[in-house]
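Only one structure is covered here, and it is reproduced in the block below.
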Amino acid sequence: MRIFLFSSCGKHCSGVISLVAVGLLMVCTSTLMFVHNPRQTLIGMILNLSEGSLFFNLWSNPPYEVFVKVYMFNITNAKEFLSGSEKMNVSEVGPYVYREVLTNENGTLNSTDGTVTYYPHREFFFVPEKSIGDPHEDHMMTTNIPLVGLQAFVYEKGFFASLALTTLSKTLASQPIKNLSVHEYLWGYKDTLLTYANTFLPHWIDFNTFGIFERLMSKDNGNVATIVNEPKKYHSPTESLFTETEKNFQYHIAKWNHLASLKDWGYEHLSPEEVTKCHLVEGSFDGTIFPRNIKPNQTIKLFRRAFCRPVQLAFVKEMVGEYGFRQYEYQFAKDVFNINEENKCYCYKNNCMNGFQSIAPCYYGIPISLSQPHFLNVDPKMVQTVNGLNPSVEKHGSVCVIQPELGIPLSGSMKVQVNLDVRNTMANHVVAPFNGLQVPLFWLEITTTDLPSIVIFLLYLLCNVLPVALEIAKYLLLLGGLALVSGSALYTLVRTKVQIPASISLGHSDYTSIPIISIPNEFIDKCEKRFSLK
């Protein structure tokens, strides 16, 4: 027997098939979103340095308001100190506040090795409303670095070099302590001794006015930097010194002035076997952006050219900040300027003191050193060598706060003190009272204020809106896809026509016989007997 069913969907077939395909695609997409969360991929697309992107423009002209607060040390007993009758007494004066404007100029993306090359440039503008006074009008008694610094420098050159400098300084009537305006001291003043040094030794002293802050901050300009944008593409000659996690950190410095370290510390003269992780600027960050997905136990290195070396930020705690974002707090470690295994390559001429970092190689050999403000975390005996220092973790500790998933800095307060390291002098009795001192010159705080609105928007978008939107999207895709597939199936059943032919043929060829099985009589009799017994 044959029964013929004729179905027809007509012009609706193509539409139904399209809906089913779309539904299946939605279900598959939702399934993938459950298995592989696309959030990190989307964040990577938004926070990637690509030509013309929003993030590239933000990086080129960081929207943060950065202020540099300068606190001077005024010597209040100059006569008594120089006569040797009293220890040096200092009083803190400040802050004098400058706004720092950073631009990362001529950013060039290098597709071959996944790096970005650029020229960082900083400018400073005085902010009177945040300052304690007018730096042009306010005067102070302070150490004359051209005399005392040069006298300490030539000590290693021997007696005759020291005597020659002493004779010249006496002829020029140079004084070890000078009365200067704050502006002169920070941005430059003339000294006859310096003028002679610039005239006769121009390849060494290439300036004829001296401002300690200007000399310090000038090192931040005129450099070419290279950071890693695509870690999978970049392969460094020193990559064996880094962990796999460190190598895959996005935005870490790869080269500074075309080298993995600074020339000032003799990196060019080291053999590959002599190079240690301590020597490298490579692997540190410039502070404008940090790597994404930072773990709490990861130490971060921060580099600023003015400070002549990278410094380590140690993880302190995780917390939720003012805007509700998850954040990590970092601080300078207590031993950040100690000579330990991580810092031993910065022990200048093997003459080191814990808590103080010589930066003389970056500043013409003049014995300038860094410490934490007011000699925080140094030997208490050194604090007692100068009256007027009162170290406090709350006032003088450094803090950096980072959103760990995005690597965006939320706030920061980096505090560093600049000193004159006068270990010894000879042949000049007027500078002898400085012997054995780390003379405090000034300390500064580099700080950011409120987060820019564009940064807050990005944080809300990526931390708050995006996770919720993706969670809703994957369920909507799943439900929408199932609805399309099931709806298409139901629509097909309702709209399909079934036709049955008017006559049914029952010819011999249209059916087959059903076989009949015969049961023996003996088997039937046995069954009947069994049932009758029951």
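Yes or no: Glu246 farther than 27 Å from Gly407 by Cβ and surrounded by fewer than 20 Cβ atoms within 10 Å (Cβ to Cβ)? No: the conditions fail for Glu246.
Restricting to the stretch 445-457, what's the tally of residues that are more than 17 Å from the chain's Cα centre (by Cα) and either on the phi > 0 side of the Ramachandran plot or part of a helix (DSSP H, G or I) (or both)? Residues meeting the conditions: 4.
Among the conditions (1) free of Cβ contacts under 8 Å to residues at least 60 places away in the same chain; (2) open to solvent by 40 Å² or more (accessible area, probe 1.4 Å), Ala314 misses just one, which is (2).
Determine if the stretch 233-247 includes at least one residue that is more than 30 Å from Val93 (Cα to Cα), aliphatic (A, V, I, L, M) and in contact (Cβ under 8 Å) with a residue 12 or more places away in the chain. Checked the stretch 233-247: at least one residue is more than 30 Å from Val93 (Cα to Cα), aliphatic (A, V, I, L, M) and in contact (Cβ under 8 Å) with a residue 12 or more places away in the chain.
Every residue, every condition in (1) open to solvent by 50 Å² or more (accessible area, probe 1.4 Å); (2) outside any helix (DSSP H, G or I); (3) of a type outside the set (A, V, I, L, M, F, W, C); (4) touching a Phe, Trp or Tyr at 6+ places or on another chain (Cβ under 8 Å), yes or no:
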residue: Glu184; (1), (2), (3), (4): yes, no, yes, no
residue: Leu194; (1), (2), (3), (4): no, no, no, yes
residue: Thr199; (1), (2), (3), (4): yes, no, yes, no
residue: Pro202; (1), (2), (3), (4): yes, yes, yes, no
residue: Ile205; (1), (2), (3), (4): no, yes, no, yes
residue: Asn208; (1), (2), (3), (4): yes, yes, yes, no
residue: Phe213; (1), (2), (3), (4): no, no, no, yes
residue: Met217; (1), (2), (3), (4): no, no, no, yes
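Among the residues of the stretch 118-137, those identified as crowded, with 18+ Cβ neighbours inside 10 Å and not in a strand (DSSP E or B) are Ser131, Pro135. Per the conditions (1) surrounded by fewer than 14 Cβ atoms within 10 Å (Cβ to Cβ); (2) modelled with pLDDT of 85 or more, the sole criterion not satisfied by Ala21 is (2).
Of the residues making up the stretch 350-388, those that are over 19 Å from Gln312 (Cβ atoms), in contact (Cβ under 8 Å) with a residue 60 or more places away in the chain and not in a strand (DSSP E or B) are Asn351, Ala360, Pro361, Tyr363, Tyr364, Gly365, Ile366, Pro367, His374, Phe375, Thr385, Gly388. Which number in (1) over 30 Å from Ile43 (Cα atoms); (2) open to solvent by less than 30 Å² (accessible area, probe 1.4 Å); (3) not in a loop (DSSP other than H, G, I, E, B); (4) not basic (Lys, Arg) marks the one condition that Glu394 misses? Going through (1) over 30 Å from Ile43 (Cα atoms); (2) open to solvent by less than 30 Å² (accessible area, probe 1.4 Å); (3) not in a loop (DSSP other than H, G, I, E, B); (4) not basic (Lys, Arg) one by one, Glu394 breaks only (2).
Can you pull out the residues in the stretch 330-365 that are of a type in the set (Gly, Ala, Ser) and at negative phi? Steps first, answer last, please.
Taking the stretch 330-365 and keeping what is of a type in the set (Gly, Ala, Ser), we get 333, 355, 358, 360, 365.
Hits for the stretch 330-365 are Ala333, Ser358, Ala360.
Listed residues Val393, Val399; which is under 18 Å from Asp335 (Cα atoms) and without any contact (Cβ under 8 Å) to a residue 24 or more places away in the chain? After applying the criteria, what remains is Val393. Being out of contact with any Lys or Arg (no Cβ under 8 Å at 6 or more places or on another chain), closer than 30 Å to Thr143 by Cα, open to solvent by 70 Å² or more (accessible area, probe 1.4 Å) and not in a helix (DSSP H, G or I) is a condition met by at least one residue of the stretch 64-82. The one condition from (1) part of a loop (DSSP other than H, G, I, E, B); (2) at pLDDT below 95; (3) over 16 Å from Arg309 (Cβ atoms) that Ser413 does not meet is (1). For the stretch 455-468, the candidate set comprises residues that are open to solvent by 50 Å² or more (accessible area, probe 1.4 Å) and at pLDDT 80 or above; within that set, the residue that is nearest to Thr29 (Cα to Cα) is Val465. Among the residues of the stretch 261-311, those identified as among the polar types (S, T, N, Q) and open to solvent by 10 Å² or more (accessible area, probe 1.4 Å) are Ser271, Thr276, Thr288, Asn293, Asn297, Gln298, Thr299.
Conditions (1) at pLDDT 95 or above; (2) over 17 Å from Val418 (Cα atoms); (3) aromatic (Phe, Trp, Tyr), marked per residue:
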| residue | (1), (2), (3) |
| --- | --- |
| Gly84 | no, yes, no |
| Pro120 | yes, yes, no |
| Ile145 | no, no, no |
| Val154 | no, yes, no |
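Screening Lys233 on (1) open to solvent by 20 Å² or more (accessible area, probe 1.4 Å); (2) farther than 16 Å from Thr115 by Cα shows it passes everything except condition (2). When Phe34 is tested against (1) closer than 30 Å to Asn293 by Cβ; (2) at pLDDT 80 or above; (3) aromatic (Phe, Trp, Tyr), just one condition goes unmet, and that condition is (2). The residue of the stretch 41-63 that is surrounded by the most Cβ atoms within 10 Å (Cβ to Cβ), among those that are within 19 Å of the chain's Cα centre (by Cα) and not hydrophobic (A, V, I, L, M, F, W, C), is Pro62.
Residues that are of a type outside the set (S, T, N, Q) and open to solvent by 40 Å² or more (accessible area, probe 1.4 Å) within the stretch 86-117 comprise Glu86, Lys87, Glu92, Val93, Arg99, Val101, Glu105, Leu109, Asp113, listed in sequence order.
The values are calculated or read from the model by the stated rules, or taken from the named source; none is laboratory data. Values in this document were obtained by computation on a predicted structure and should not be read as measured data. As a convention, Cβ positions derive from the backbone with ideal geometry for all residues, glycine included, and neighbour counts pool all protein chains shown. Side chains included, ligands, DNA and RNA excluded: accessible areas come from the protein's heavy atoms. Shrake-Rupley method; radii C 1.70, N 1.55, O 1.52, S 1.80 Å.
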